[in-house]
Amino acid sequence: MLILLPPSEGKTAPARGKPLDLEALAFPELTPARTRVLDALVAACATDPERTAGALGLGTTQLDLVARNAALASAPTARADQVYSGVLYDALGFASLSPAARRRASSRVAITSSLFGLVRPGDRIPAYRLSGDTTLPGLGPVAAIWREALGEAVDGVLGTGRGLLVDLRSSTYAGFWRPPADLAPQVATVRVLHEVDGVRKVVSHFNKATKGRLVRALLEHGGTPRTPGRLADLVRELGWKVELGDPGPTGTRLDVVVDQV
């Protein structure tokens, strides 16, 4: 089973640690694409910080984040599960998982990244600022780079018929790579709906917190469902209300319905 998570915009900057080593990251087939994106980001931030701040969605009072990007090659690193922060990651709580669940996370969880494509929780990365919808000078849209590269990495983990892909990415990061038709029977796309007085809608906070708690529960349980239907059964067993959609060209949607955070 492979669980795909979105990154967090907020990140905890390591105070110390070894500098970035792209060759040491999981999914080594992504190294060429990682190098291209990293070099373009560092160059843009170093040569024209004010213009690049705008491209990154930052204001003039946030030039310190641009400077941090310019120094990524030598910046200290920490485990990705310590760098990524925010509602989803707080709810998941990597640090407080049981030892068995942490071992499962190391092989079952991958985090989508605008800078690195995919990383495992234990990969050492620096804090960076680069959203999935960014267009970098000299490179173009970051998403386009990953659309060309991520398929090979995911196929290397799953392969047709070898496991279930649980896709919890947000829409921006889902655009980095979409499952091909031959993988669709193995893909479950999870959506969280907040229901109040019979009305359902997607609410960011509920969505992120529930996804974090759901991943935590799956890792602690340790089950390995091999189809979207089996995953839905397991999520119900774990206490959630789940509605299973019809299979589609890129997978099957699971709606997890909640009425409180």
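The values are calculated or read from the model by the stated rules, or taken from the named source; none is laboratory data. The structure displayed is predicted, hence computed values, not measured ones. Backbone-built Cβ (ideal geometry, glycine too); neighbour counts: all protein chains shown.
Screening VAL258 on (1) surrounded by 14 or more Cβ atoms within 10 Å (Cβ to Cβ); (2) touching a residue at least 40 places away in the same chain (Cβ under 8 Å); (3) within 19 Å of the chain's Cα centre (by Cα) shows it passes everything except condition (3). The residues of region 121-142 that are within 24 Å of ILE3 (Cα to Cα), of a type in the set (A, V, I, L, M) and not in a strand (DSSP E or B), listed by number, are ALA127, LEU130, VAL142. The residue of region 228-255 that is farthest from SER98 (Cα to Cα), among those that are among the β-branched types (Val, Ile, Thr) and at pLDDT 95 or above, is THR252. When GLU9, GLU29, GLU23 are checked against the criterion of being among the charged types (D, E, K, R), within 15 Å of the chain's Cα centre (by Cα) and either at pLDDT below 95 or over 24 Å from ALA91 (Cα atoms) (or both), GLU9 stands alone in meeting it. If the condition is being among the β-branched types (Val, Ile, Thr) and either in contact with a Lys or Arg (Cβ under 8 Å, 6 or more places away or on another chain) or over 16 Å from ARG169 (Cβ atoms) (or both), then region 181-195 contributes THR189, VAL190, VAL192.
Within region 165-212, the only residue that satisfies the criterion of being surrounded by fewer than 21 Cβ atoms within 10 Å (Cβ to Cβ), in contact with a helix residue (DSSP H, G or I) (Cβ under 6 Å, 6 or more places away or on another chain) and either hydroxyl-bearing (Ser, Thr, Tyr) or in a loop (DSSP other than H, G, I, E, B) (or both) is GLY175.
Yes/no per residue for (1) part of a helix (DSSP H, G or I); (2) in contact (Cβ under 8 Å) with a residue 12 or more places away in the chain; (3) not acidic (Asp, Glu):
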{"site": "SER8", "(1), (2), (3)": "no, yes, yes"}
{"site": "GLU23", "(1), (2), (3)": "yes, no, no"}
{"site": "ALA44", "(1), (2), (3)": "yes, yes, yes"}
{"site": "GLU50", "(1), (2), (3)": "yes, yes, no"}
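Restricting attention to region 239-255, the residues that are over 25 Å from ALA181 (Cβ atoms) and within 23 Å of the chain's Cα centre (by Cα) add up to 1.
In region 161-183, the residues that are over 22 Å from ILE145 (Cβ atoms) form Cβ pairs under 8 Å with partners that are hydroxyl-bearing (Ser, Thr, Tyr) and surrounded by fewer than 16 Cβ atoms within 10 Å (Cβ to Cβ), at six or more places apart or across chains, as follows: GLY163/THR224; LEU164/THR224; LEU164/THR227; ASP182/THR160.
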